[in-house]
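No lab work stands behind these numbers, since they all come straight from the coordinates. Computed from a predicted model, the values in this text were never measured in an experiment. FYI the Cβ positions are ideal-geometry reconstructions off the backbone, even for glycines, and counts take in every protein chain you see.
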Amino acid sequence: RAKQLGRDLVCEYSTDDMRRMEDRRMLGIRLRHAMQHDELHLVYQPEIRSSDRAVIGFEALLRWNSPEMGLVMPERFIPVAEALGLMPELGGWVLDRACAQSRAWMDAGLGDFFVAVNVSAQQIQRGNFAEQVADTLRRHGLPADRLELELTESALLENVDRALHSMQQLSTLGVHLSFDDFGTGYSSLSYLRQFHVDKLKIDKSFVFDIPRDASSIAIANTVVAIGHQLRMTVIAEGVETAEQAQLLTDMGCDALQGYLFSRPMKAQAVAEWLADYQIEA
Ligand code: C2E
Ligand code: MG
Ligand code: MG
Ligand code: MG
């Protein structure tokens, strides 16, 4: 904040800025501690095929249970982890845990599900990311097509050449790749194919406004059309009402994800949820 003092421009931080920086510093220290002390865990949210409402996979989402702060959500701590360069390590841990869980579900005969893992810029931009993924799959004996990696446009665009290289290698491995929060970035269409992405996730901000907002309906329709033209599947996230689910299904959206079906849940809760869900269906 620039404050005019006489004729000099003095740059000073407001107390709010100071508090925010102090918060981040504190959060960073606690997060490093959390990674070593088992305070992190994954929760899983089902993805549902629109046509028959069958469960096709689960997205893994990170949670931090802090003794000092209680449950901390990823939107609060992932930006801090990124700023501190902790994401390669943290993301590696997520990948490992999600693959272990997916393998456990496979062994338990729970179903033919994939697990979807969110990947941050720092991970995809590393030269050895695909190798790390291959190694993780091998360690858990998990078939590559049971893993899906979710990337946002901003993660890919940070360094296009490096991202393209990683995506090419991942695609060769047989891992599924999806574009998360689709529609919120600049969405240069020419990139879509090059990145070997086979699935688009319509961002929940559009889904929330369906059916009230005509332009959100138009955007969802357009994403479905683009996706299908490019032989990709399209999923809507943030589906909370039966009406949204119906409209999106009618639009041709292939899959649905949201609180309507389930909130993200702990791994131990999945088997029971599935049994109940399948009875109701
Ligand atoms: P995302 O990948 O777009 O995940 C979807 C978010 O929407 C999740 O929030 C999920 O809980 C929430 N959501 C799903 N259905 C509904 C719904 O019907 N209504 C509402 N209001 N929300 C719904 P969450 O778990 O807080 O995660 C937020 C973001 O944090 C994620 O957005 C993702 O970008 C990031 N994130 C989470 N886990 C990881 C991770 O392991 N690694 C990385 N790099 N990012 C992660
Ligand atoms: Mg995601
Ligand atoms: Mg998303
Ligand atoms: Mg998001």
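Rounded to two decimals, what is the ratio between the C-alpha radius of gyration of region 19-63 and 2.2 N^0.38 Å? Output field value: 1.84. Full extension of the chain segment joining Asp161 with Arg193 gains 10.1 nm, where the gain is 0.36 nm per residue of separation less the Cα-Cα distance.
Both the radius of gyration and Dmax for region 201-281 are 13.8, 40 Å, in that order, over alpha-carbon atoms.
Put in line by how crowded their Cβ is, counting other Cβ atoms within 10 Å and starting with the fewest, Leu248, Leu230 read Leu230, Leu248.
Tally the DSSP beta bridges in the chain and give the antiparallel ones as a percent, rounded to 5. Percentage antiparallel, nearest 5: 50.
Relative contact order for the chain: 16 percent, from Cα pairs under 8 Å spaced at least 6 residues apart, divided by residue count. The mean of 1/r over all distinct Cα pairs in the chain, once inverted, gives the Kirkwood hydrodynamic radius of 20.2 Å.
Calculated mean residue ellipticity at 222 nm for the chain: -15000 deg cm²/dmol, from DSSP H runs with n ≥ 4 weighted as -39500 (n - 2.57), summed, divided by the residue count and rounded to 500. For region 77-215, the C-alpha radius of gyration sits at 1.09 times the compact-globule guess of 2.2 N^0.38 Å, with N the residue count.
For region 27-100 and region 258-273, what is the separation of their Cα centres, given in Å? Cα centroid of region 27-100 versus Cα centroid of region 258-273: 15 Å apart. Counting only Cβ charges, +1 for Lys and Arg and -1 for Asp and Glu, the dipole size of region 91-181 around its Cα centre is about 360 debye.
Largest GNM mean-square fluctuation among Ser190, Ser120, Ser171, using the chain with Cα springs under 10 Å: Ser190. With the convex hull of its Cα atoms as the shape, region 160-221 has an orientation-averaged projected area of 4.6 nm². A full extension of the chain between Gln168 and Glu272 corresponds to an added length of 33.7 nm, given 0.36 nm per residue minus the alpha carbon distance.
Less than 5 angstrom separates the built amide H of Leu149 from those of Val117, His176, Leu177, Ser178, all sequence-distant by 5 or more or on a different chain.
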